[in-house]
Amino acid sequence: MAEATQRKRSEDGGAYGRLPQHPDYELTQVGPGTPCGELMRRYWQPVAVSADVVDRPQYVRILGEDLILFRDKKGRPGLLYPRCMHRGTTLFYGKVNEEGIACCYHGWLFDVEGRCLRQPCEPDGGKNLDVARQPWYPIEERYGVVFAYMGPPEKKPVLPRYDILEDVGLDEELRADMGAFGATGDNSLPVAPYSWLHMNDNVMDPFHVQVLHSTFSTVQFVPQFALMPKVEFFTTENGVCYSAKRKLDDGREYDRISSFLMPNVMCVPNPVDINQVKANRITWSLPVDDSHFTMVTVSRMPKGAPPLGGIRFRGKLWGEMTERERQDTPGDYEAQVGQGPISLHSEEHLATSDRGIIMQRRMLKAQIRVVADGGDPIGVTFDPGKALVTLRSGNFYNAPQRA
Amino acid sequence: MAEATQRKRSEDGGAYGRLPQHPDYELTQVGPGTPCGELMRRYWQPVAVSADVVDRPQYVRILGEDLILFRDKKGRPGLLYPRCMHRGTTLFYGKVNEEGIACCYHGWLFDVEGRCLRQPCEPDGGKNLDVARQPWYPIEERYGVVFAYMGPPEKKPVLPRYDILEDVGLDEELRADMGAFGATGDNSLPVAPYSWLHMNDNVMDPFHVQVLHSTFSTVQFVPQFALMPKVEFFTTENGVCYSAKRKLDDGREYDRISSFLMPNVMCVPNPVDINQVKANRITWSLPVDDSHFTMVTVSRMPKGAPPLGGIRFRGKLWGEMTERERQDTPGDYEAQVGQGPISLHSEEHLATSDRGIIMQRRMLKAQIRVVADGGDPIGVTFDPGKALVTLRSGNFYNAPQRA
Amino acid sequence: MAEATQRKRSEDGGAYGRLPQHPDYELTQVGPGTPCGELMRRYWQPVAVSADVVDRPQYVRILGEDLILFRDKKGRPGLLYPRCMHRGTTLFYGKVNEEGIACCYHGWLFDVEGRCLRQPCEPDGGKNLDVARQPWYPIEERYGVVFAYMGPPEKKPVLPRYDILEDVGLDEELRADMGAFGATGDNSLPVAPYSWLHMNDNVMDPFHVQVLHSTFSTVQFVPQFALMPKVEFFTTENGVCYSAKRKLDDGREYDRISSFLMPNVMCVPNPVDINQVKANRITWSLPVDDSHFTMVTVSRMPKGAPPLGGIRFRGKLWGEMTERERQDTPGDYEAQVGQGPISLHSEEHLATSDRGIIMQRRMLKAQIRVVADGGDPIGVTFDPGKALVTLRSGNFYNAPQRA
């Protein structure tokens, strides 16, 4: 058996005797203590839409950790390790009150930061309550989203602000959504069954738009995307951007700028309404665990605007399609789920069209090492005065050049 | 990665950097050769209700072993390893006759103690039939239950008798039931998806009754259980008991005595009719495997009494409830399944209310070591004259003390 | 724990303390690089019915490998490793054209032998296309079946011809079918959930026919099979055969000859129409992976003959039966699935009725070692002049002997 697996690729390029392949574990493992997991934990991550966090406990799974999320009756959200520190019954069956959450089994009561307030079955409601601190994570709410910080407490950064979501006018509103809509184009799938990296690799990849979303089967965004763009990639202080230029029929040059921000954030201009100049939304590709992810988006909309319709494939939303129909008109979901739950990066053949992805992955790996060596990764700040992030993304138009 | 997992608990009690947790394997592993498995195997275990054992073979799974159970046409029950000693076809597809069970493939015939009686495809019906002995376990029936002994043959003890199930009057009957009713309170779940130990930990825990079953959401037993009892625990010759005293409104002292018998038996007085003095039932928490268990109960009832109604949660049986309803009114099932398939005992914080559980677990571990060292555990006897077990459990009332 | 598992079988033949059992891995592991997998790969294996191979890509799973099968619009079939050599998206979502198949993500185009023809997102459609050769397997079509060769390219043998499928007359036709019909007797199960070896062990086993298929529950083939045959086994140049003789009521001797050909082929005479002299079909037991297999049959039939009805169990096809009905009238499927996903050969007790199976397994093991030592196994030839295989199988009748 050793010989077969160690043999080099057959000279005729056949499948016999290929070496076993493997993922890039450094970028795909997201659990506690893993390189990428420790990187992700240095940043605030969105864990829920604020409006969905109520006094009924719910499970969330993020970065490979199962947690309980609830809002006490004073309106304070809490994110706790689920197994009660008494004998391990899940706080999913707990009851929320003004002070926090009480376990169903013996009534041990914890506040939103896990402090044990009472042990009803103990004399005097319990002594040594400190010992029974329920493990917890700090939470902050902004933009209609609940953010959690799951990293080393002494390294907790300031929660960033994004310029495109600030100074919201009276005729505007911010909307927060959670689900795998960036993959399917609709609201039918809460969690996608594959690694966050498959989506993140899609962000700095303007070339697939001309094939998958335009010429391969159906136009999924706008006809202009059938033109193969000229692309420049450039690194920024906290990520990677691309500028994708297309010469339109009317002579204008359409310059589409899209952004990746460390470690898992994208700012992609509207792909359906390409007249919209500045990008109006930020999206996180949130790892649920090594082989699942979901997405959280905050969009700036006119007040009362109807919800975004989904992407349609020959008139149908993804959630309405059969497997055969998805085979006929694949979109991002098929391209990404088709890489498997975790891709086998050892067998990739990256080309010039992948240089944006190469830049992203290099940046991620470099910052993983910064964190492993005890440093602070880019995009993290402890100075509230430096919390504002400026986004470059948008659909820009340059007048035709006069001869 | 090593640093993150070995780091001590954060000073702020947060969830970052916690050590990995683990079960108490000594008490939760029940397969052949495991410490607790070898302890369990030293005692007769109930494997089925007698009335359910018929000439159609059925699968049973006990202590991590899959077995076939049937009754030959002479009325003798047999418990055999399922894979025919010829070429491994399961005796589930076998046919039962007067002599035993015949495998469907080549007709090899075995009696209820696994003796191979015939090999039809062999000349003269087979030679060396002894070599093909189908592995088997001895069985005895009593109280309407089929008991099996799965331990070392030379250590087979006498099948115990329980005083509360003896001398059944003409106007009484014994009823046997099997299923996870002690967890759900109804008959809807044959097997519970978690370790036997979660149920066993519930037996010597009178305190949770005041919370989970009374004040947390709904009264699931009787209103008197809303009073937190004063509890004394004491060891007995074969287990642990508690005496839980409550002062009632009418001045009487209600003393509820409940018993745990080695290794997995409980005798709990009626929790719904607390006027019933002596306990009328014995229940085994039968490990199916490491992460599943079921229960077998023998009850002494008046002849023709209607079946016990189940516990109702806001009028509904457990099997009728949605997950949301179970979240609203959790019972024993939720408290126990909420500990996971196998609890993580390393992160428990046992308190004074857990002293009964601590006594039980110490006793189990001590007897596990007795068995491992070649001795006989308590509760096991080889002397038929000593087979009778006296139970102490019941609902007792002491008149109010006169000043 | 060591003592319990190493102890010898109890003297009373009981189940306590049995040693752990295990499969014969040498014969059941079929993946790349395994002993049996490497043997299987030295022969052409049938992977699909030709009529089912169309321009829509489909998954096939053979010998533990997931592959994509399609027919380009010039009619050429291709069998490719599914993960595109660019970034791993499955070619299941690819689009087939005149030249081959294009991946949905970036349009990389591959022909039926995996040559990369174009990379649309690359300048000039890509350079170094050779580097991105999609792993592939050679295919040949014959008898209405698509055969694949998955072994070392330099050892690719000639695709065999079978005499009973040659020289098909104008009033005859060949029909190809795929599915687990040899196990269930009908067309309801595409893949059986157990090892190929359970079926292969069934071929050189004429004795079970008298029990399982005749006297155990119902007559599943013909009444004459209720007679226990006198059997001779003999090895041939490429396999093992048996001659099973039965004396019929009319004095004739019925001699049923059945063949096993290395490594997984059977030629079994019609079991339902036993007047049919020469066998008219060849069947492969095709390993899907270690614990699944399927079957491919080519039958020679009169043109326009109705399809074969399935085997009926008290009037019902297997696909129409409940589990209880299958327990009442088990057939080959129950006998084989009852051995588990992979049988535990270490606990078999083979008898005289198993000598055909013993001969088969010895031959398989001997040829596995020939291959491992660098030689060519029997039944493989590189000489087109030696491609023809002569089958012996059939239902033969000898007139009664005159005194």
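The values are calculated or read from the model by the stated rules, or taken from the named source; none is laboratory data. A quick note: this is a predicted structure, and the numbers were derived from the prediction, not measured. We place every Cβ from the backbone using ideal geometry, glycine too, and count neighbours over all the protein chains shown.
Would you kindly identify the strands (runs of 3 or more DSSP E) lying entirely within region B:201-295 that contain at least 3 residues that are in contact with a Pro (Cβ under 6 Å, 6 or more places away or on another chain)? Please lay out each step first, then the result.
Working: elements: B:230-235, B:239-247, B:253-261, B:265-267, B:281-289.
The strands (runs of 3 or more DSSP E) meeting that bar are B:239-247.
Quick one: would you say A:Ala183 is touching a residue at least 40 places away in the same chain (Cβ under 8 Å), surrounded by 17 or more Cβ atoms within 10 Å (Cβ to Cβ) and small (Gly, Ala, Ser)?
Details: touching a residue at least 40 places away in the same chain (Cβ under 8 Å): yes; surrounded by 17 or more Cβ atoms within 10 Å (Cβ to Cβ): yes; small (Gly, Ala, Ser): yes.
Yes.
Annotation: B:His106 fulfils all but one of (1) touching a strand residue (DSSP E or B) at 6+ places or on another chain (Cβ under 9 Å); (2) in contact (Cβ under 8 Å) with a residue 12 or more places away in the chain; (3) surrounded by 24 or more Cβ atoms within 10 Å (Cβ to Cβ); (4) not small (Gly, Ala, Ser); the unmet one is (1).
Here is a yes/no grid of residues against (1) under 17 Å from the mean Cα position of the chain (by Cα); (2) β-branched (Val, Ile, Thr); (3) within 30 Å of C:Tyr194 (Cβ to Cβ):
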site	(1), (2), (3)
C:Gln29	yes, no, yes
C:Pro46	yes, no, yes
C:Val49	yes, yes, yes
C:Gly125	no, no, no
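Results for (1) assigned to a helix (DSSP H, G or I); (2) touching a residue at least 12 places away in the same chain (Cβ under 8 Å); (3) of a type in the set (D, E, K, R), shown as yes or no for each residue.
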| site | (1), (2), (3) |
| --- | --- |
| C:Thr297 | no, yes, no |
| C:Arg300 | no, yes, yes |
| C:Gln327 | yes, no, no |
| C:Tyr333 | yes, yes, no |
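The residue list C:Leu170, C:Leu117, C:Leu189 contains one member that is among the aliphatic types (A, V, I, L, M), under 18 Å from the mean Cα position of the chain (by Cα), away from every other protein chain (no Cβ under 11 Å) and surrounded by fewer than 20 Cβ atoms within 10 Å (Cβ to Cβ), which is C:Leu189.
Comparison of C:Pro46, C:Pro32 shows that the only residue that is part of a loop (DSSP other than H, G, I, E, B) and under 22 Å from C:Pro263 (Cβ atoms) is C:Pro32.
Quickly run through region A:284-301 and pick out the residues that are of a type in the set (S, T, N, Q), buried (at least 20 other Cβ atoms within 10 Å of the Cβ) and out of contact with any helix residue (DSSP H, G or I) (no Cβ under 6 Å at 6 or more places or on another chain).
Of all residues in region A:284-301, those of a type in the set (S, T, N, Q) come to A:285, A:291, A:294, A:297, A:299.
Of the ones still in play, those that are also buried (at least 20 other Cβ atoms within 10 Å of the Cβ) are A:285, A:294, A:297, A:299.
A:Thr294, A:Thr297, A:Ser299, listed by residue number.
Yes/no matrix, rows are residues, columns are (1) over 19 Å from the mean Cα position of the chain (by Cα); (2) surrounded by fewer than 19 Cβ atoms within 10 Å (Cβ to Cβ):
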{"residue": "A:Glu325", "(1), (2)": "yes, yes"}
{"residue": "A:Gly331", "(1), (2)": "no, no"}
{"residue": "A:His345", "(1), (2)": "yes, no"}
{"residue": "A:Lys365", "(1), (2)": "no, yes"}
{"residue": "A:Val370", "(1), (2)": "yes, yes"}
{"residue": "A:Gly375", "(1), (2)": "yes, yes"}
{"residue": "A:Phe382", "(1), (2)": "yes, yes"}
{"residue": "A:Ala399", "(1), (2)": "yes, yes"}
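The criterion of at least 1 residues that are farther than 30 Å from C:Glu26 by Cα and aliphatic (A, V, I, L, M) is met by the following strands (runs of 3 or more DSSP E) wholly inside region C:122-197: C:172-178. Taking region C:72-91 as the range and being more than 21 Å from C:Leu129 (Cα to Cα) and either surrounded by 23 or more Cβ atoms within 10 Å (Cβ to Cβ) or without any contact (Cβ under 8 Å) to a residue 12 or more places away in the chain (or both) as the test, only C:Gly75 passes. Of all residues in region B:148-167, those being acidic (Asp, Glu) and buried (at least 19 other Cβ atoms within 10 Å of the Cβ) number 0. Of all the residues in region C:55-71, those that are surrounded by fewer than 23 Cβ atoms within 10 Å (Cβ to Cβ) and assigned to a loop (DSSP other than H, G, I, E, B) number 4.
Within region A:19-41, residues that are within 11 Å of chain B (Cβ to nearest Cβ) have Cβ atoms under 7 Å from residues that are modelled with pLDDT under 95 and assigned to a loop (DSSP other than H, G, I, E, B) in these pairs: A:Gly33/B:Met1; A:Thr34/B:Met1, counting only partners at least 6 apart in sequence or on another chain. Quick one: in region A:120-147, which of the residues that are of a type in the set (Asp, Glu) and closer than 22 Å to B:Gly17 by Cβ is surrounded by the fewest Cβ atoms within 10 Å (Cβ to Cβ)? Here the residue is A:Asp130. Report whether or not C:Val222 is at pLDDT 90 or above, more than 16 Å from C:Arg355 (Cβ to Cβ) and among the β-branched types (Val, Ile, Thr). Criteria not met by C:Val222. Scanning region A:370-403 for residues that are part of a helix (DSSP H, G or I) and touching a residue at least 12 places away in the same chain (Cβ under 8 Å) gives A:Val371, A:Ala372, A:Pro384, A:Lys386. Which of the residues belonging to region B:338-359 are in contact (Cβ under 8 Å) with a residue 24 or more places away in the chain, aliphatic (A, V, I, L, M) and either farther than 11 Å from B:His198 by Cα or at the interface with chain A (Cβ under 9 Å from one of its Cβ atoms) (or both)? Listed by number, the residues that qualify are B:Leu344, B:Ile357, B:Met359. When region C:196-207 is filtered for residues that are in contact with a helix residue (DSSP H, G or I) (Cβ under 7 Å, 6 or more places away or on another chain) and at the interface with another protein chain (Cβ under 10 Å from one of its Cβ atoms), the ones remaining, listed by number, are C:His198, C:Asp201, C:Asn202, C:Asp205, C:Phe207. Restricting C:Ala335, C:Ala372, C:Ala366 to residues that are within 14 Å of chain B (Cβ to nearest Cβ) and modelled with pLDDT of 95 or more narrows the list to C:Ala335. Of all residues in region B:79-114, those being assigned to a strand (DSSP E or B) and either within 7 Å of chain C (Cβ to nearest Cβ) or of a type in the set (Gly, Ala, Ser) (or both) number 4.
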